[in-house]
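Chemist: Input: one structure, supplied below.
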Amino acid sequence: MRCPFCAHDETQVKDSRPAEDNASIRRRRQCGKCGARFTTFERVQLREVMIVKSGVNGEPGRREAFDRGKLEQSVSLACRKRGVSQEQIDQLVSGIQRQVETAGEAEVPSSRLGELVMDGLRQVDSVAYIRFASVYRDFSEARDFEEFASTVQEAARSEDGD
């Protein structure tokens, strides 16, 4: 592992412990050259999955490797100032990552990934769900928000009535 401070190639693991409900390993490392300490996380990757972005006129777009960091960043942004804990975000992102990796497909459309995020956020926080949907579904007017929010409210009422 390369040192993020001096780029030296030799670092030593000082401490390892499980993190995120045993979904990853947290490692404390020290650089052999500059002595700096830093933390890394190691996760199981079941397979390399490519995300197929939306293209123009229904054509498939560019492909890029699934990036857990990008997924976590977009979920965190939707949940900002909503009282959703980092642990809840980590669990949601880990669950989505597991679904993507175990689906058995080498390529997953970005629309499928967006739907998985929306399904997860719907269970966690309705405002975060609407925030994510506004970007994902490209709301352009206040009316788009109103219509979507009313469907969320109707769904919540029907769940409470069951």
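Please treat every number below as a calculation from the coordinates, not as lab data. Since the model is a prediction, treat every value here as computed from it, not as a measurement. Cβ coordinates were reconstructed from backbone atoms using ideal geometry, including for glycine residues, and neighbour counts include every protein chain displayed.
Chemist: Once phi is turned into θ = phi - 60°, what whole-Hz ³J(HN,Hα) does the Karplus curve with 6.51, -1.76 and 1.60 give for every residue of region 122-132, x standing for Gly and Pro?
Modeler: Once θ is set to phi - 60°, the couplings for region 122-132 become 4, 7, 8, 7, 5, 5, 4, 4, 5, 4, 5 Hz.
Chemist: Roughly speaking, what is the centre-to-centre gap between region 98-162 and region 6-29 when only Cα atoms are used, to the nearest Å?
Modeler: Computed from Cα coordinates, the inter-centre distance equals 34 Å.
Chemist: With the cut-off at 1.5 for a/c, could you classify region 34-151 from its C-alpha gyration tensor as rounded, prolate or oblate?
Modeler: Oblate, because a/c is 1.5 or more while a/b does not exceed b/c.
Chemist: If pairing requires two Cys Cβ atoms under 4.7 Å apart, which cysteines of the chain are left without a partner?
Modeler: 79
Chemist: Go ahead and set up a Gaussian network model of the chain, Cα springs under 10 Å, then flag whichever of 30, 123, 97 fluctuates most.
Modeler: Per the Cα network of the chain with a 10 Å cutoff, 30 tops the list.
Chemist: Another question, if that's okay. Counting trypsin sites (Lys or Arg not before Pro) as exposed when in a DSSP loop with at most 10 other beta carbons within 10 Å, what is the longest stretch of the chain free of them?
Modeler: With trypsin sites (Lys or Arg not before Pro) excluded where exposed in loops, the chain gives 82-162 as its longest stretch.
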